[in-house]
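Each value in this text was obtained by applying a stated rule to the coordinates, not by laboratory testing. Quick caveat, the model's predicted, so the values are computed rather than measured. We place every Cβ from the backbone using ideal geometry, glycine too, and count neighbours over all the protein chains shown.
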Amino acid sequence: MATWQAIVSLVTFISVIFLLITEWLHFTIAAFLGALTLIIANVMTMPEALAYIGKSHGTLGLFFGVMVMVRAFEPTKVFDYLATKMVIWAKGRGDRLLLGIVALTTPICAILPNATTVMLLAPLIPPIAQEIGVDFVPLLILMVFVANSAGLLTIVGDPVTYIVGDAINMSFVDYLLQLSLGGVIALVAIVATLPFLFRKIWRKKLENLESLPHPKINHPRILFIGAIITVFVLIFFVIGESLPIPVSPSTVALLGAALAMLLSHHSKIDSVQNILRDVDWSTLIFFMCFFVLIGGLEKTGVIGSMSGFLGVLLGKNIALGSIILVFFVGLISSVVPNIPLVVAMVPLLKQYVVNVGLAGSEIISPNFAGQLPAIVLPLFYAMMYGATLGGNGTLVGASANIVAAGVAEQHGRRISFRTFLRYGIPVMILQLVVAALYVILRFLIF
């Protein structure tokens, strides 16, 4: 790792994180300048940078497609209508509203990517907050916490669970039986913090529900067709990749976006120009640039070296190694996107268990279709929990966090790094502790 390119890559990444923490620059500008620094310093060429962006085309296509769909249906006022209904359902009480957000977000995130869910549901939050008279930023942050944590409920709920599950040849049913309870416990930990972290909202009561505005849905026929498009998109999110001709989630989202724009344009409820103008381009550009920054760390071996250093510490003590992995990976995932980190660490962990004699060398083969020895599985479970829950720590810890920040900006507010940190650090620490306890009790003791 000790090359000048690795040093430049690491210093640039740390500098961007510092700028995000101090908020001296807008998060998109900071990431943009960081990515350009790597290109100018010849850490990577422009084609290489574009290639790293291209590797993440699925994520970018998914985000763009859902953004367009949400914006295309805005003239129907469906989000304002649903927000009012949710406040009435909660009877104007902040505690019920907070629990309602948990209940609404959890089942969706068990089958859809967390950032996609936040993109679909986040537009409800600002009008809800306005009607009940509270700040919408904490509500968005809560939705992010729930979305990131609920991804642990199924093997397809989060990219990390899928990557690790696929690497150890774990089935959907086996995951439900062995690991889903950890996701439930992570969500219970969030619920336990609600009266304390979200104290003002928890105690809020709206005495006169009659004073609420009662928005009406505009263009009901158009909305009905739009609902059909949305259901089509959601169904194919779940089954698309298992079809005889696989259809990726990003392709489905882009097709949904095209149909939504066609519907808006044909019905004249909005123009294509207005829809595309209001897409959250700053968030998309941030993701592109951050992919380049992570690509620099990957290309120069920084991520691999960090993972290798961890492997040296573990020895043959699986229990200690599992605890270290939960917290180490969790803390790293709070500032480094968890997907490239997990992709780098999966082969390293496999090599480690081979080197210490806990598994045969056949597990390293990409075509390995057998089962890993039960004794080493807690290491992979710990990495899965740490990488997923660590994303709740900081604003850049997970893609859903950045999506929520973009939604907040579109409604005239910024989720600052320090504001997110104030909520995120307690939640992350509590969740990592309970995840470590679960791994120890479930897989190492009982």
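Here the Debye sum runs over all C-alpha atoms of the chain as equal scatterers in vacuum, and log10 of I(q)/I(0) at q = 0.07 Å⁻¹ comes out as -0.35. Once you have a ≥ b ≥ c as the square roots of the Cα gyration tensor eigenvalues for the range 291-446, tell me rounded if a/c is under 1.5, and otherwise prolate or oblate according to whether a/b is larger than b/c. Taking the square roots of the gyration eigenvalues as a ≥ b ≥ c, the range 291-446 is prolate. What does the C-alpha gyration tensor say about the overall shape of the range 137-282? Classify as rounded when a/c is under 1.5, otherwise prolate if a/b is larger than b/c, or oblate. Oblate shape, in that a/c is at least 1.5 and b/c is the bigger or equal ratio.
A dipole drawn for the chain from +1 and -1 charges on Cβ atoms has a positive end, and of Ala374, Pro113, Val407 the residue lying farthest that way is Val407.
Of the peptides 426-436, 66-76, the ranking by mean beta-carbon count within 10 Å, highest at the top, reads 66-76, 426-436. Sorted on the mean count of surrounding Cβ atoms within 10 Å across their residues, most packed first, peptides 245-258, 135-148, 377-390 read 377-390, 135-148, 245-258. Nearest 10 degrees, 0 to 90: what angle lies between the long axis of helix 249-267 and the longest principal axis of the chain (Cα atoms)? Taking the Cα atoms of the chain, the angle to 249-267 is about 10 degrees. Relative to the dominant Cα principal axis of the chain, helix 281-299 is inclined by about 0°.
Partners of Lys350 within straight-line reach, counting lysines whose Cα lies under 23 Å from its Cα and excluding those fewer than 8 residues away in the same chain: Lys299, Lys316. For the range 142-190, the square roots of the Cα gyration tensor eigenvalues, ordered a ≥ b ≥ c, give a/c of at least 1.5 with a/b no greater than b/c, which places it in the oblate category.
If packing is taken as the average count of other Cβ atoms within 10 Å, what order do 394-401, 97-104 fall into, highest mean first?
Those peptides, ordered most packed to least, come out 394-401, 97-104.
Kirkwood radius and radius of gyration were both taken over the C-alpha atoms of the range 1-116, and their ratio Rg/Rh is 1.14. Mean residue ellipticity at 222 nm from the helices of the chain, using -39,500 (n - 2.57) per DSSP H segment of n ≥ 4 over the full residue count, to the nearest 500 deg cm²/dmol? So the helix-based figure for the chain works out to -23000 deg cm²/dmol.
Neighbours of Leu82, meaning other residues whose beta-carbon lies under 13 angstrom from its beta-carbon, give a summed charge of 0 when Lys and Arg score +1 and Asp and Glu score -1.
Would you mind counting up the charge near Ser9? Only other residues with Cβ under 11 Å from its Cβ, with Lys and Arg at +1 and Asp and Glu at -1.
Neighbourhood net charge equals 0.
Relative to the longest principal axis of the C-alpha atoms of the chain, give the angle of the C-alpha long axis of helix 302-314, reported between 0 and 90° and rounded to the nearest 10°. The angle comes out at about 60 degrees.
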